Amino acid sequence: MLKKLSDYENELLEMVAQGKQLSAEQLLSVRTHIGFFQHERLVHELVMILFALLTVGGILFVVVKPEIPVMLLDVLFFALLVPYVKHYYGLENGVQRLYDVYEKLEKL
């Protein structure tokens, strides 16, 4: 998804560089695409929060009752949490950049 977002951003930046004016329908299409990326960002945020809660819950459980299987499960949750944070970070920043590009397109 990050590649798709980056490609779309580059396509829009190229339009800005060319000074291409977009019709109302084309601007609506850009807003729709931004909405899709926002939805993707929200889904990844919810999954990231779930894994963060599971990780913290696992750590608390290990503090109360240390058991090897729970520790392994907690390591697994943490291993999944790190890529989700990285992916969400990319989506969040990409969507913010799209907002800026959209504003530039509107001004043309």
Exercise. What is the residue count in the range 1-57 for residues that are touching a helix residue (DSSP H, G or I) at 6+ places or on another chain (Cβ under 7 Å) and more than 17 Å from D100 (Cβ to Cβ)?
Worked result: 11
Seminar exercise, completed: Considering residues that are surrounded by 15 or more Cβ atoms within 10 Å (Cβ to Cβ) and under 19 Å from L91 (Cα atoms), the number found within the range 3-30 is 6
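Could you tell me whether M71 is within 30 Å of S6 (Cβ to Cβ), aliphatic (A, V, I, L, M) and surrounded by 13 or more Cβ atoms within 10 Å (Cβ to Cβ)?
On the way: within 30 Å of S6 (Cβ to Cβ): no; aliphatic (A, V, I, L, M): yes; surrounded by 13 or more Cβ atoms within 10 Å (Cβ to Cβ): yes.
Spelling it out, it is not the case that M71 is within 30 Å of S6 (Cβ to Cβ), aliphatic (A, V, I, L, M) and surrounded by 13 or more Cβ atoms within 10 Å (Cβ to Cβ).
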Exercise. Which one is nearest to S6 (Cα to Cα) among residues in the range 31-58 that are loosely packed, with under 15 Cβ neighbours inside 10 Å, of a type in the set (A, V, I, L, M, F, W, C) and over 14 Å from the mean Cα position of the chain (by Cα)?
Worked result: L50
For this session: Output yes when any residue across the range 4-16 is within 15 Å of the chain's Cα centre (by Cα) and farther than 20 Å from L105 by Cβ, and no when none is.
Result: no
Seminar exercise, completed: Output for Cβ contacts, cut-off 6 Å, separation at least six or different chains, first residue within 30 Å of L60 (Cα to Cα) in the range 75-98, second among the aromatic types (F, W, Y), reads F77/F51; L80/F51; L81/F51; Y84/F51
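Read the figures in this text as sums done on the coordinates, not as results from a lab. Computed from a predicted model, the values in this text were never measured in an experiment. Glycine also receives a Cβ, built like all others from the backbone with ideal geometry; neighbour counts cover every protein chain displayed.
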